[in-house]
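Asker: For reference, the structure I am asking about is given below.
The values are calculated or read from the model by the stated rules, or taken from the named source; none is laboratory data. Here the structure is a predicted model, which means the values were calculated and not measured. Note: ideal-geometry Cβ built from the backbone for every residue, glycine included; neighbour counts use all protein chains shown.
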Amino acid sequence: MSERADWQQVGIAFRDLGRELKGKAVEGGQAVRDASSQPSETVTDRVSTVLTTALHQFDQASADPEVTRAAKLATARLLDAIKAELTQDTNPPEDRPPTAPPPVAG
């Protein structure tokens with residue numbers, strides 16, 4: 001492993017992303033529990049309500065600016081570390097901003 005790759009920063013960035021996602025999962029779980037406790041006429045209605053709520057919560061989490069920021073930073077830190085490992089980069093990541101992550105298709 002290269003001394004130039006800052007794997008500690010990679011870990012920190014992914015830990016921060018994990019915290020953001022955990023917060024969204026807790027919020028989403030509560031919304032799904034609330035939706036599942038609503039009275040409905042059939043099991044199909046209840047399942048439909050729960051799935052719709054879960055998908056809505058997932059969509060909100062994926063569009064959250066803090067989740068997006070954390071994901072981009074974690075990806076950039078990982079790419080920097082891999083680049084340093086592969087190229088023995090002489091300009092360590094802490095001396096420059098992280099590499100821009102690849103564009104997301106969609």
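Asker: Let me spell it out: the conditions are (1) surrounded by fewer than 16 Cβ atoms within 10 Å (Cβ to Cβ); (2) under 25 Å from residue 86 (Cβ atoms); (3) modelled with pLDDT under 85, and residue 11 meets all of them except one. Which number is the exception?
Answerer: It is condition (3) that residue 11 fails.
Asker: Name the residue that is surrounded by the most Cβ atoms within 10 Å (Cβ to Cβ), counting only residues in region 54-91 that are over 30 Å from residue 29 (Cα atoms) and hydrophobic (A, V, I, L, M, F, W, C).
Answerer: My answer is 81.
Asker: Considering only residues that are touching a residue at least 24 places away in the same chain (Cβ under 8 Å) and either within 14 Å of the chain's Cα centre (by Cα) or outside any helix (DSSP H, G or I) (or both), which ones fall in region 65-85?
Answerer: 66, 67, 70, 71, 72, 73, 74, 75, 76, 77, 78
Asker: Can you find even one residue in region 34-43 that is buried (at least 17 other Cβ atoms within 10 Å of the Cβ) and either touching a Leu at 6+ places or on another chain (Cβ under 8 Å) or in a helix (DSSP H, G or I) (or both)?
Answerer: yes
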